[in-house]
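Please treat every number below as a calculation from the coordinates, not as lab data. Everything numeric here is computed off the predicted structure, so don't read it as measured data. Every residue, glycine as well, gets a Cβ built from its backbone with ideal geometry; the counts of neighbours run over all protein chains shown.
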Amino acid sequence: MLKQTILNSLHRAAGAKMVDFGGWDMPLHYGSQIEEHHHVRHDAGMFDVSHMRVVDLSGDGVQDWLRHLLANDVARLNVTGRALYSCMLNPQGGVIDDLIVYWVGEGRYRMVVNAGTTDKDLAWMREQANGRAIEICPREDLAMIAIQGPLAREKVWSALPGARAVSETLKPFHATWMGEWFIARTGYTGEDGFEIMLPTDKAGGFWQALVAAGVAPCGLGARDTLRLEAGMNLYGQDMDETTTPLETGLGWTVWLRDDRSFIGRAGLTEPTRKQVGLVLLDKGVMRSHSAVQTTQGVGEVTSGSFSPTLNRSIGLARVPAAVTVGDVVQIAVRDKLLNAKVVDYPFVRNGQPLVNV
């Protein structure tokens, strides 16, 4: 039986098309995926991301433990509420998961991990904490709603009286408390907005208040095209335990500026592959697992789709390290080889196209 978020009945009442997403019954769209995508780019849309797991971490030595557990360095979190994006690696350098961790006070952190990897992540963290006085507390009592878009902040303030006072000056990649509510200025769309963690018994009322404020409910389909345009990886497609951050475009999340010992550091050797952006020059749509033919060897599209903002197909691909921006490569699409150009990504940020082909 599929797991359900606390907002499941509201999705169904709104006519959402529901699908199995990693064992969760989740909305794919509420009518038009393209319209939902554009609403986020030009106005404000919201996503039920309560299937993701909030994990609170505390205890003596929790900072040192996290510095060993994660490839990025939580010692860089020097302001309460500041967030850090990181990968959690296996000893070979492969990505167990990508996550966000917040410093919420002396000896206390909050982590948000992916839904499909929650059980694996918790088991790994508990194994690494064995013998330490670390408390690992999954917060199943919390829901999470992401509100994204250029008008997201003012519409949240309209729907949630009191939020403006605590979040108006909140910087990107920082979070703050409003009672039991945790308001983070983060997201997965390339637009401004919030990811708000709140008690499950308050989620339905807040969702409906956001609808009344003009925030459009959006599903997994739009979330995927938005994150792809923003050049953001999807775990299980663009990286997994067989790939390292250095070959999946996430080298910037690995802190190597000192001799800190962290799990997987020894496996981070010079990569022979790298991640690049692709824009299809011919008519068609790239999909994940499509072969990429280059003069340096064969690669693979890891994420591919139609870009509603650019009105053409874009993708992320893992290719030989010698491939460079500006190269024209061939993509295998339905037994045809279609031309694509290698570009820098992100493709779109804050509603503005960043590539010109």
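Quick look at the numbers
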{"quantity": "Whichever lysines have a C-alpha closer than 29 Å to that of K336, once near sequence neighbours (fewer than 8 apart) are set aside", "calculated": "K274, K283"}
{"quantity": "Mean separation of Cα contacts under 8 Å, 6 or more apart, over the residue count of the chain: relative contact order %", "calculated": "18"}
{"quantity": "In range of the label at N90: residues from the range 103-141 whose backbone nitrogen is under 18 Å from the point 7 Å along Cα→Cβ", "calculated": "114, 116-129"}
{"quantity": "The range 1-71 and the range 265-283: distance between their alpha carbon centers, rounded to Å", "calculated": "27"}
{"quantity": "Nitroxide proxy distance, nm - points 7 Å out along Cα→Cβ at N311 and K336", "calculated": "2.0"}
{"quantity": "Cα gyration tensor shape of the range 272-353, rounded if a/c is under 1.5, else prolate or oblate by comparing a/b with b/c", "calculated": "oblate"}
{"quantity": "Extension gain (nm, one decimal) between N130 and A322, 0.36 nm per residue minus Cα-Cα", "calculated": "64.9 nm"}
{"quantity": "The range 214-260-the range 305-354 distance, computed between alpha-carbon centres (Å)", "calculated": "16"}
{"quantity": "Qualifying GluC sites (Glu not before Pro) in the range 65-166, DSSP loop, other Cβ atoms within 10 Å at most 15", "calculated": "E106, E140"}
{"quantity": "Eligible lysines near K120 by straight Cα distance, threshold 25 Å, same-chain separation 8 or greater", "calculated": "K3"}
{"quantity": "For q = 0.10 Å⁻¹, Debye-computed log10 I/I(0) when each Cα of the chain counts as one equal scatterer", "calculated": "-0.63"}
{"quantity": "Cut-off under 5 Å, modelled amide H: who pairs with L354 long-range", "calculated": "V348, R349"}
{"quantity": "Set of aspartates and glutamates near K171 by C-alpha distance (under 18 Å), chain-local residues within fewer than 8 positions excluded", "calculated": "E154, E191, D192, E195"}
{"quantity": "Relative contact order, percent, the range 272-353 [alpha-carbon distance under 8 Å, six or more residues apart]", "calculated": "36"}
{"quantity": "Computed FRET value (nearest 0.05) for T242 with R164, which takes r as the C-beta separation and R₀ as 56 Å", "calculated": "0.80"}
